[in-house]
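Worksheet: the structure to be examined is printed underneath.
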Protein chains: 4
Amino acid sequence: MKEKTTRVTKKRSAKQASTGELPVLQCGCALPDAADAGRKALAVDPDAKDRNIKRLRRIEGQVRGLQKMVEDDRYCADIMTQISSVHEALRSVGRELMRNHLKHCATAAIRSGPEQSEPMYDELLNLIYKHSR
Amino acid sequence: MKEKTTRVTKKRSAKQASTGELPVLQCGCALPDAADAGRKALAVDPDAKDRNIKRLRRIEGQVRGLQKMVEDDRYCADIMTQISSVHEALRSVGRELMRNHLKHCATAAIRSGPEQSEPMYDELLNLIYKHSR
Amino acid sequence: MKEKTTRVTKKRSAKQASTGELPVLQCGCALPDAADAGRKALAVDPDAKDRNIKRLRRIEGQVRGLQKMVEDDRYCADIMTQISSVHEALRSVGRELMRNHLKHCATAAIRSGPEQSEPMYDELLNLIYKHSR
Amino acid sequence: MKEKTTRVTKKRSAKQASTGELPVLQCGCALPDAADAGRKALAVDPDAKDRNIKRLRRIEGQVRGLQKMVEDDRYCADIMTQISSVHEALRSVGRELMRNHLKHCATAAIRSGPEQSEPMYDELLNLIYKHSR
């Protein structure tokens, strides 16, 4: 996280864009940089990114704390309460990501017309109902 | 986790037991070893403990993977899908802990009579409705 | 709901009890009265029952209100907020039922020994992780 | 539900639009017809509306079924399983409404520019994280 990017460099060719099997691709988001790099965000707010990195480091610490609690045979109910605070912290990360997604990728798809917006509605509904908890 | 404990050593005095403000304490669970050690489980199944340590190490790795995804500006929806798999993994830990809690602490409290079982019902309901998601 | 029962009449024969395929059955709960009547609770606290009947009548009214909101093309976000309050009300019913279940059926099973308590732990874990949300 | 509306009649004056305290209002959605009528959807797909009315009628029947189960002292775990199927059915209604909301109100707000899209992101995040479960 040395450099703060507000706009992700998109190294895709027109060919890639036209052969992508996901219709979402053409809206400019979710395009892999390279074969092995995974899909990228269209844009990421640097403050949101910072907050999420910090949150995830704290979550990593909480998970190590949970390992210690389990190793020490701590009271199950106390460990479970701690687990629920990790769930809560993960939801904060998810919420920040969802805001970024709505603001950039979803907005770009929705503004570009029905070809992009229809698959974006499907993706959003899946994220909301399958992956937000 | 060098030694597998099936029964947690309870170093409490009668005094401690009688001054505990939580009625659950007398059932033998949730008693702190020492001032700084936190409450202990009545008993922990060694297999369940092993599985949970392994799960939590895998979760720690997943959380580090999430940090990398955020640093790399990966597609928000892909990060969110990954977050949801961490939630799922945490729920497996919680479920294992809940089984251990029911089997040992809750059972001891429920068998000991109404003085222990009533606060245990309250604790279980709180865990189920506040802390299991 | 004319009569308040604190203990459910169990019209089962010894034969029924011995042929029940669910081990939970022998603890006295979950036994059908008759072929067509469904499984019964071991005992139901009359106050809890009253509260649940009242809650469910209110929920029925809320669901009719939702129908009207949909018919009137009300703002989607307002309908969704209303739906979430029905979820909340249903969870109150579930919580009351879970308390009753812990207090009577689960306690009877857990006190009766491992033959009953083991399947009860499984049932509780299923209820908690599959059916409490 | 005798007539199927695809576009909700908007009886608001320019004055109403300009004095609305919620910025979302100007996008054309969420405007009350009249003082007592509540906010309206910008548009409702007639098929989605039909499906939701049908689902809500079925849910009303399920809630009446729950009342009967409670009155009959049915096994708590069976009632809880039934409650969880009502939750599931309500989520289907919510999902359909969310799709309509994304497709019409949210899309109109997002296309109209930052003045409308920013409050819409907030509203969506609230719906997703507070009201979708």
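The values are calculated or read from the model by the stated rules, or taken from the named source; none is laboratory data. Since the model is a prediction, treat every value here as computed from it, not as a measurement. Positions of Cβ are backbone-derived with ideal geometry, glycine not excepted, and every protein chain shown enters the neighbour counts. SASA here: full protein model, heavy atoms, side chains in, ligands and nucleic acids out. Shrake-Rupley method; radii C 1.70, N 1.55, O 1.52, S 1.80 Å.
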7 Å along Cα→Cβ, label-point gaps from residue A:46 to other copies, nm, shortest first: 5.3, 5.5, 7.0
Three-way shape call for region D:45-131 based on the alpha-carbon gyration tensor, with the a/c threshold at 1.5: prolate
Total accessible surface hidden between D and A, rounded to 100 Å², 1.4 Å probe: 2400
Shape call, region A:52-99: gyration tensor on alpha carbons, a/c limit 1.5: oblate
Solvent-accessible area, 1.4 Å probe, carbon plus sulfur percent, for region D:45-131: 47
Contact order relative to length of region D:45-131, as percent, for alpha carbon pairs under 8 angstrom and 6 or more apart: 28
Dipole of region D:45-131, positive direction: furthest Cα of D:56, D:107, D:120, with charges on the beta-carbon: D:56
Student exercise, region D:45-131 dipole from Lys, Arg, Asp, Glu Cβ charges, in Debye to nearest 20: 320
Mean-position separation - Cα centroids, region A:45-105 and region B:66-82, in angstrom: 14
Calculated FRET efficiency for the pair residue B:111/residue D:54, C-beta based, R₀ 60 Å, to 0.05: 0.75
Nearest-0.05 FRET efficiency for residue C:82 and residue B:92, computed from C-beta distance (R0 30 Å): 0.35
Computed label-point distance, nm, for sites residue D:68 and residue C:47 using a 7 Å Cα→Cβ extension: 3.0
